[in-house]
Structures are given as structure tokens and as C-alpha cells.
Amino acid sequence: MESLKFGVDYYPEHWPRERWETDARLMKDLGIQVVRMAEFAWHKIESVEGRFEFGWLDEAVSLLGKYGIYTVLGTPTAAPPAWLIDRFPEILPVDSFGHQKSFGGRHHDCQSNPVYRNYIKKLVTAMAEHYRENPYVIGWQIDNELGNSHEDLCMCESCRRAFDEWLEKKYQSIDRVNESWGTVFWSQTYDSFSQIPAPRKTPTAHNPSLLLDWKRFTSDLVIDFQRIQIEIIRKTAPHQKITHNLMGFYDKTDYFKLAADLDFASNDQYPTGYYFDPSGQPPFEVAACMDFIRSVKKKNFWMMELQSGATGGTVIGANPKPGQNELWTAQCVAHGADTIVYFRWRTCLFGTEQFWHGILPHQGKPGRRYYEIQKAIRKLSPVMEDIHGIITKAEAGILFSYDEDWAIKLQPQHPELTYVGTILDFYKLLYRRGIPVDFLSEQDSLEEYRLLIVPLLYLTTPELEEKLEHYVKQGGTLVLTMRTGVMDEQNVCMSEGPLPGKLSKVAGVEVEEYDCLLGRSVKLRYQEKEGTGFKWCDLLSPTTAETVVTYASDYYSGRAAVTVNRYQQGVVYYLGTQPDETVMEFLADKMCSGLQRWESGSREVEMKVRKGRKKQYLFILNHSGDRQAITIPEGWTGLQEPIMEPFETRILERSGENRE
């Protein structure tokens with residue numbers, strides 16, 4: 001699989017057989033080496049229960065193989081066929097209002113349903129047995145974007161029973177549930193696990209501890225749903241690799257846990273998709289998504305779906321401008337993608353995604369997008385050959401916890417205070433400085449990182465507090481923010497001492513009071529300059545910390561807003577508010593002191609270094625539609641012109657894989 005650098009998502013079932021060879025020839029000319037197929041083709045494979053028809057797929061796999069193109073097969077469990085739903089309507093999911101959804105679309109399924117799971121086992125077994133010896137089938141994608149297309153998965157009776165079983169396994173007794181959740185509030189005490197509901201709509205609101213455990217349960221349910229398919233393929237075809245196409249910071253499933261069962265992670269990325277702003281998703285957010293997916297497996301990833309044309313379910317998104325397809329491809333490689341698979345090969349003529357444009361238009365003839373991607377493939381292939389599998393080491397880490405994300409979504413504290421949004425605010429500071437970033441789970445080792453950012457550590461445990469204290473003792477720089485140490489792991493408020501709890505000693509500060517800045521802001525003062533704080537206000541009382549930024553308005557005036565504390569060998573920053581961008585830049589320069597940077601001189605131009613076996617490569621990416629003046633570091637060979645054209649991609653080189 002190391003030689004496979006570029007691919008497309010291909011749907012031969014959408015096109016006449018006589019077209020397939022034309023597609024294969026055009027793919028080969030483009031530089032395509034792998035396709036993903038069949039992830040929605042359940043009915044095409046099993047149109048009648050128990051009768052598996054692989055002839056059409058065999059023909060497509062063989063034909064593509066003749067042109068040197070290998071196949072990753074998708075298990076088509078994201079689209080159960082009508083005959084299955086007609087026979088077993090209880091497979092259809094139930095929403096939070098108790099309404100059963102109908103057939104149509106995709107993911108119209110309850111993933112806990114035992115009947116559905118049994119049919120999936122039969123289907124995946126048949127596929128794995130049929131293709132285990134096929135020389136052109138190199139791997140599998142399980143399902144498609146697990147958790148997508150759902151509100152909060154399913155709340156049917158099957159899921160409620162599964163939730164009860166999950167809770168019983170976790171808590172052992174109903175008394176422990178009542179104690180952990182505080183069910184004495186509003187007379188919610190349970191006498192048995194069978195009384196605990198799936199959290200459908202109520203007149204007011206559910207217990208937040210129940211809701212958090214529901215989030216954990218549904219995540220584990222998705223992981224188990226994937227695992228039953230993986231186990232079949234591992235047993236039947238152990239030599240074939242297994243992946244799943246993740247979706248950046250999507251929140252339905254804990255990707256650290258989901259990815260643990262995979263050989264490698266994959267991602268789907270649509271830089272202008274879903275955005276009414278024609279500029280699309282900010283490039284730093286795209287970069288963060290890719291760094292996150294790389295981090296969940298601690299290894300390089302595949303981009304299983306990369307936008308190639310305008311997106312469109314109903315509203316049609318912005319068409320990629322000249323240069324953007326190459327730019328997006330290069331950004332993927334710069335952030336650790338070993339293989340790029342474009343979505344999709346040809347724009348479909350029918351169905352929900354008939355305006356979700358591919359490399360080829362509806363008419364099937366190569367145009368600008370085809371030739372731009374061809375240019376990108378030829379430009380990037382030699383670089384990818386050298387850097388394949390080599391992971392960029394980072395000095396900066398950002399702790400990411402799904403528990404924190406879920407808990408803050410359940411009780412946002414401020415309508416604009418979001419976990420991922422706060423993560424991205426910090427990531428942007430590092431991105432602008434060209435500082436590589438890893439995302440870390442609470443279980444990961446912290447010692448190799450000089451800077452560790454832990455935003456909104458809303459839920460915490462004694463184990464994590466001890467781990468963070470040890471990190472600082474050993475010389476690390478730790479960044480904490482408001483709403484740290486508020487809850488225990490069961491989403492119950494801490495009561496032992498002032499916030500931020502046991503981390504007060506490490507941070508050298510106590511939160512005396514706090515205030516939600518709803519519809520207002522607070523003035524800040526630092527180094528005789530003024531700034532603004534938003535969303536939240538922790539009134540800080542430093543014990544051993546020094547004040548870096550103070551509040552300068554309201555009754556907070558003169559109180560500490562941001563502090564820094566020297567604790568044994570390390571340093572801890574505590575941000576009691578959300579400072580404006582200018583103040584954040586000031587703080588970032590302090591936090592990032594001593595870290596290696598790759599700065600272009602323009603905020604619109606990204607710089608990223610990848611180290612290969614023979615050379616190092618400096619990716620210079622102009623994400624702007626305007627010309628940009630840049631500063632090129634010394635020692636690199638390649639185009640040295642200090643002005644970059646709109647959406648221009650440059651890759652400079654220098655020898656020595658270990659040179660810093």
C-alpha cells in the first residue's frame with residue numbers, strides 16, 4: 001500500500017458497463033492508483049435476501065486492476081435496502097421525540113438492533129470471503145462516516161435496553177447510579193436499571209449526568225458496531241487493511257477509541273463544503289482537522305474524501321478556484337496524509353448528491369479540475385514517495401477530550417462558548433507561527449511536549465490533575481483556561497476548595513467569583529495597552545502567580561484576568577476570560593517562546609515542513625485569492641520569488657533528513 005498515493009471514490013453501479021473502461025483509462029492518465037467502491041451498494045450486492053451477486057463488482061475490480069488501479073471496498077452498511085426494512089421495520093431509528101424515521105436517505109438504521117446486526121454479519125462475511133484472495137482488493141472501509149446523518153443516534157427500546165446494560169456494567173448497582181448522578185434532585189431516583197430512559201424529550205431538561213453517560217454510551221455503541229465488522233474481516237482476510245472515514249472534530253463518537261481498532265485512520269475534508277461564505281472553511285480549521293485525525297492513531301492517515309468540485313445537496317457550494325485543488329492536496333500532504341482519495345470521480349446524474357460535483361462533470365469529459373489535479377499529482381508524487389510514513393514531530397500539544405466537548409454542549413455556560421471553538425482559537429495561534437501540533441487524549445504521554453494547552457478542562461479527575469502537575473514539575477509549559485475543574489467525571493459540581501480545584505496549587509491562583517459575560521464584554525489592560533475580554537470572567541486571586549493581564553472595567557477592574565506561575569521546573573498560564581485576538585497574540589508569543597517556528601510573513605500563507613528519507617520539504621501555501629508577499633527562510637532550494645500568486649503552491653527542498 002505504500003506505493004498508493006492518489007485515488008478516487010468511484011461508483012461503477014451508477015454508470016453503464018460500457019463506460020467503465022473509459023473511466024479506468026482516464027483514471028490511469030490522471031495518475032490514479034486506488035479507488036474506493038461499494039460503500040452504499042448493499043442492494044446491488046444483495047437484491048434478494050441471502051443471494052449475493054458479486055459479478056458486477058468483480059468485473060469492475062478486475063477492469064481497474066488491469067489498469068494498475070487497486071480497490072478499497074466499503075462495507076455497505078450505511079444504506080440498508082428496502083427489502084430488509086420492509087421485513088423488519090423495527091430497524092428504523094427512533095428520534096428524541098419518539099418518532100420512528102422512515103426509509104430513505106442513508107443511515108436509516110438502529111445500530112443496536114440485533115436483527116440488523118445479524119444481517120450485517122452475513123453480508124460482511126460474504127464480502128470478506130469472496131474478496132480475501134482477490135489480488136486487487138487491498139483493504140476495507142467500514143461503513144461510511146459513522147455517526148453522520150443521525151440526530152443523537154437512536155432512542156428506540158432496543159437502544160434503551162442496551163443503555164441500561166451499559167450502565168449496569170459501569171456502575172454495578174442502581175444505588176451507585178443514583179449517588180453518582182444525584183437523582184435525588186427532582187425526585188428522579190431509580191429503583192432498577194430498567195426504569196432509566198433513553199433521553200427523549202421531556203417538559204424541561206434531563207439530568208446532565210444521565211445525558212453525559214448517554215453520549216458515552218452511544219459512542220461506545222458505534223465503536224462496537226464497527227468492531228463486529230472488523231472482527232469478521234480480521235478473521236477472514238487478516239492480510240487486508242481496515243480503515244474508516246472520520247470527519248475531523250465530529251462529535252458523535254470518540255475517535256481516539258474508534259480508531260484504536262483500525263490499521264490506519266482516514267478523513268473526509270470539504271474545504272468549501274457546507275459554507276455559504278465563498279471563502280469556505282478557514283485554512284487553519286482544515287489544518288486542525290487533519291492534525292487531529294493524524295493524532296488519533298499517532299501515524300499518518302489517508303484522505304478518503306477530498307473535495308474536487310462544488311458541493312451540493314440542495315444549495316450548491318463554491319466551485320474550487322484555479323489552483324485550489326492543488327493547494328488542498330498539498331495541504332493534506334503537509335499535514336500527514338500518505339494517500340489522497342478525491343471525492344468523487346464523476347458527478348452523479350441522480351439522487352441526493354447529484355450536484356455534489358466530482359473531478360469529471362455530469363457529461364463525463366475531462367475539464368479544468370481534471371487537469372489541475374493531474375498537475376498536482378505529478379508535482380507531489382516524488383515528494384510523497386520520500387516522506388511516506390514519516391511522522392512530523394511536534395513540540396506543542398493540545399489536550400482533546402470528548403467528555404469535555406459533550407459536557408459543555410449539554411450546558412454551554414455561555415451560548416457562544418464551545419469546546420472545539422476554543423480549541424481552534426488556540427490552534428490558530430500555533431498555526432500562524434508555523435508550529436506543528438499534536439492533539440492528545442487524556443491517556444497519552446505528555447512528556448515529549450514543551451507546550452501543552454488544555455482549554456476548558458470542565459470535567460477533571462484526580463488522575464488527570466496529578467498527570468498535569470507532574471508534567472509541569474518536569475519543566476513543561478501548561479496553559480489552562482476559565483471553567484477548569486468545575487465538574488467531576490460524572491458531571492457533578494466539585495465542592496472541595498475554590499476553582500480550579502486541585503490545579504489551584506499548580507496554577508498559583510484561585511477563582512474567587514465568576515461571571516458570564518452575556519451580551520457584554522470587559523476591558524483588559526496589559527503592558528499599558530488595552531484589550532477586550534469576552535464570554536466569561538473569572539475573578540482571579542493569585543496566590544503565587546504573577547498577573548499578566550488585568551481587568552479594566554466593571555467591578556472586576558484591577559483584578560487579575562490572566563496569570564503566569566512558576567511551579568518547580570515548569571510554568572502555568574491561566575486565562576480567566578476569552579481575550580481578543582490582539583491580547584491572544586501577545587500571550588502566544590510568551591507561551592511559544594523557544595519553540596521552532598516556520599513563519600511566512602503573511603497570515604494568508606501557510607508554511608509547513610515535512611522530513612523525508614532523503615530530503616526535507618518546505619510547503620508554502622497561499623490560501624488567499626490575492627497575491628501575497630512572503631519571507632523565505634534561508635537554505636532552501638526552489639522558487640525564491642518573494643511574491644506568491646493567488647492559491648499558489650510551492651514546495652522547496654533541502655538535503656538532510658535530520659536537520660532542524
For the stretch 241-256, state whether one or more residues are in a helix (DSSP H, G or I), more than 27 Å from Met127 (Cα to Cα) and either basic (Lys, Arg) or touching a residue at least 12 places away in the same chain (Cβ under 8 Å) (or both). yes
State which residue is modelled with the highest pLDDT when the search covers only the stretch 634-660 and only residues that are exposed (fewer than 15 other Cβ atoms within 10 Å of the Cβ) and hydroxyl-bearing (Ser, Thr, Tyr). Thr637
Per the filter on the stretch 621-649, residues among the hydrophobic types (A, V, I, L, M, F, W, C) and either on the phi > 0 side of the Ramachandran plot or not assigned by TED's automatic domain parsing to the domain that holds Lys611 (or both) are Phe647
I'm trying to understand the selection: among the residues of the stretch 556-592, which are in a loop (DSSP other than H, G, I, E, B) and within 28 Å of the chain's Cα centre (by Cα)? Gly576, Thr577, Asp580, Cys592
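Here's the yes/no breakdown for (1) outside any loop (DSSP other than H, G, I, E, B); (2) modelled with pLDDT of 95 or more; (3) buried (at least 18 other Cβ atoms within 10 Å of the Cβ):
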position	(1), (2), (3)
Trp302	yes, yes, yes
Asn325	yes, yes, yes
Thr329	yes, yes, yes
Val333	yes, yes, yes
Asp338	yes, yes, yes
Tyr342	yes, yes, yes
Phe350	no, yes, no
Trp356	no, yes, yes
Could you check, for the stretch 158-165, whether at least one of its residues is under 26 Å from Ala260 (Cα atoms), touching a Phe, Trp or Tyr at 6+ places or on another chain (Cβ under 8 Å), among the small types (Gly, Ala, Ser) and in contact (Cβ under 8 Å) with a residue 24 or more places away in the chain? yes
Qualifying positions in the stretch 486-501 - part of a loop (DSSP other than H, G, I, E, B) and either within 26 Å of the chain's Cα centre (by Cα) or surrounded by 22 or more Cβ atoms within 10 Å (Cβ to Cβ) (or both): Val486, Asp488, Glu489, Gln490, Asn491, Pro500
Got a number for residues in the stretch 199-210 being part of a helix (DSSP H, G or I) and surrounded by fewer than 20 Cβ atoms within 10 Å (Cβ to Cβ)? 1
From the list Asp95, Asp109, exactly one residue is under 31 Å from the mean Cα position of the chain (by Cα), under 23 Å from Arg227 (Cβ atoms) and not aromatic (Phe, Trp, Tyr). Which is it? Asp109
Being under 29 Å from Gly594 (Cα atoms) and assigned to a helix (DSSP H, G or I) narrows it down to one residue among Leu456, Leu430; which is it? Leu430
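The values are calculated or read from the model by the stated rules, or taken from the named source; none is laboratory data. This one's a predicted model, so the numbers in the text were calculated from it and none came from an experiment. Cβ atoms come from the backbone with ideal geometry, glycine included; neighbour counts cover every protein chain shown.
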